[in-house]
Amino acid sequence: MAISSAISSTSSSFLHKKDVGLSAFTSSTSINTQFSASKYRANKLKKIVSVMAPQQIARSPSTTGSVKNAMTMTEKILARASEKPHLTPGDNVWVNVDILMTHDVCGPGSFGIFKKEFGHNAKVWDREKIVIIPDHYIFTSDERANRNVDILRDFVKEQNIKYFYDITDLSDFKVNPDYKGVCHVALAQEGHCRPGEVLLGTDSHTCNAGAFGQFATGIGNTDAGFVLGTGKILLKVPPTLRFVLDGEMPDYLLAKDLILQIIGEISVSGATYKSMEFVGSTVESLTMEERMTLCNMVVEAGGKNGVVPADATTFKYLEGKTSIPYEPVYSDGQARFVSEYRFDVSKLEPLVAKPHSPDNRALARECKDVKIDRVYIGSCTGGKTEDFMAVAKVFLASGKKVKVPTFLVPATQKVWVDVYTLPVPGSGGKTCAQIFEAAGCDTPGSPGCGACLGGPRDTYARMNEAQVCVSTTNRNFPGRMGNKEGQIYLASPYTAAASALTGYVTDPREFLQ
């Protein structure tokens, strides 16, 4: 098969050819064809899209080798869960579910459908495989929001659900030992994410758990109601896109930059009902929290799920978090992918997604004249411990104070504790909280989804006015964080911190180099 570049001139509308040395694109002549042909000819791909030739770094294979009926990771997981020897994209199969998660927004609706269809006195299929996490509209006086959490409590009590992370005292989240915070980060921290399993959630960013080599995807209330009663779901097997990320990660980039690059490349519909598999030396070097960031936003490209092959990093993270045995799977050497995208990460630059779409990609330095009103650091995408460590690193390097209101919302109670207790490397023992205070940031808010999705008007840090915000969250649609006229620039924690220090969208290299 001839291997050529499929990058069109329109695909570089935000990163022009004159930036080629520092941005995302090379011509087909720069592809190492010998490497590509020998490794991928047997895959019989429809097409191979090349985005930067990767550095040739020796690494162990992420595949299981040649088999008679080769499958991708996602196909293997669904084959096992449907008790089928082999699956191909487009097959419709009944899948056994390992974990179902729901929260305060979608839980009440799912429970209502369950009772309507299975009977008012029906029992769930497995009380130990359901995880219920209030996290979205928690710290508010809104009566309907509070009512939703009450409905969760009633259902949990009625069904004797084992995993319910409740909150009863809203005045001080710290006195609630069971409360966790954002569902996607809590699922990982509490050991519900295991390689080879099927995890479903009534939230689009459930794909976050794909970082563990797990099939994880969001479902609607109707499907959730059915799963509650049967433990099964009818799924169409998605085809897989493979993203090979190679090269040493520059110290001014984070996984948020990588996924913004990918979404900008393929668009918000480029992975519609497809699996996005991430491999390569760069991916292998990422921590679990960074891998979660990568998988978290596959839904912003329309992806059904995202997945990273489980490895020593995965297994180390899971130590002490789960006692349930798990068995990882890996794509076969002959597995068929719809297409393959290759990136040399060492050549990438800090990115933002301009309003009002996650694929409206631009270099951060190209937006240096955009004046901002605020910075928001939080959410399942950008509110993890390492995200706050990254922010603290930029503040520490600058020694300056922020020039715009800077809101910090830890994803979970555990992250909140880390912010106040873990020393930041190179700080002389200072914690993130001490560095944030010295920089003039707002006091970190209560763990939860916060203003990422707007919420009731009294939600902490909600955009109640038409302002310009740099945010570490995942969506920048009109009204996403509150005001419909608000403008949201999605960015990495590094870029968000740098922007807070200047009052403009800022490339973090101004402070990190």
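The values are calculated or read from the model by the stated rules, or taken from the named source; none is laboratory data. Note that this is a predicted model, so its numbers are computed, not measured. So basically every Cβ, Gly included, is an ideal-geometry build from the backbone, and we count neighbours across all protein chains shown. We work out accessible area using only protein heavy atoms, side chains counted, and drop any ligands, DNA or RNA first. Shrake-Rupley method; radii C 1.70, N 1.55, O 1.52, S 1.80 Å.
What the table shows:
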| item | result |
| --- | --- |
| The range 420-501: radius of gyration over Cα atoms, expressed as a fraction of 2.2 N^0.38 Å | 1.21 |
| Links that overshoot a 32 Å alpha carbon limit, given the list Lys162/Lys354; Lys76/Lys116; Lys256/Lys484; Lys76/Lys174; Lys68/Lys321; Lys162/Lys256 | Lys162/Lys354; Lys76/Lys116; Lys76/Lys174; Lys68/Lys321; Lys162/Lys256 |
| Per residue value of the accessible surface for the chain (all protein chains in place, 1.4 Å probe), Å² | 38 Å² |
| Over the range 352-512 - Rg/Rh using Cα atoms and the Kirkwood inverse-distance radius | 0.94 |
| Per-pair calculated FRET efficiency, R0 = 60 Å: Asp166 and Lys368 via Cβ, rounded to 0.05 | 0.85 |
| The range 218-308: Cα Rg divided by the 2.2 N^0.38 Å rule of thumb | 1.23 |
| Pairwise centroid distance, computed over Cα atoms, of the range 93-158 with the range 251-297, Å | 30 Å |
| Hypothetical label at Glu327: residues of the range 192-221 whose amide nitrogen lies under 15 Å (7 Å Cα-Cβ projection) | 195-198 |
| By average C-beta atoms within 10 angstrom, highest first, the peptides 196-208, 339-351 | 196-208, 339-351 |
| Hits among lysines - C-alpha to C-alpha of Lys401 under 20 Å, sequence gap 8 or more where chains match | Lys368, Lys371, Lys393, Lys430 |
| Selection from Pro177, Ile130, Phe226 lying farthest towards where the dipole of the range 99-232 points positive, charges on Cβ | Phe226 |
| Calculated [θ] (222 nm, deg cm²/dmol) that DSSP helices of n ≥ 4 give over the chain, each run adding -39,500 (n - 2.57) | -8000 deg cm²/dmol |
| Positive-end extreme of charge dipole, the chain - chosen from Val415, Ala364, Tyr165 (charges on Cβ) | Ala364 |
| Check: the chain dipole with +1 on Lys, Arg Cβ and -1 on Asp, Glu Cβ, in debye | 1060 debye |
| Simple label model, 7 Å out from Cα along Cβ direction - Phe315 to Thr443, nm | 4.5 nm |
| Burial order of peptide ranges 258-269, 432-443 (average beta-carbon count within 10 Å, highest first) | 258-269, 432-443 |
| Cα-based Rg of the chain normalised by 2.2 N^0.38 Å, two decimals | 0.94 |
| Reachable aspartates and glutamates from Lys115, criterion Cα separation under 18 angstrom, eight or more residues apart if same chain | Asp104, Asp126, Asp150, Asp154, Glu158, Asp223 |
| Calculated P(r) tail over 23 Å for the range 99-232, as whole % of Cα pairs | 28 percent |
| Packing-based order for 492-499, 76-83, 424-431, using average beta carbon neighbours within 10 Å, highest first | 492-499, 76-83, 424-431 |
| For the range 72-153, radius of gyration divided by Kirkwood radius, i.e. Rg to Rh on alpha-carbons | 1.11 |
| FRET efficiency, 1/(1 + (r/R0)^6) with R0 22 Å, evaluated for Glu465 and Ser141 via beta carbons | 0.65 |
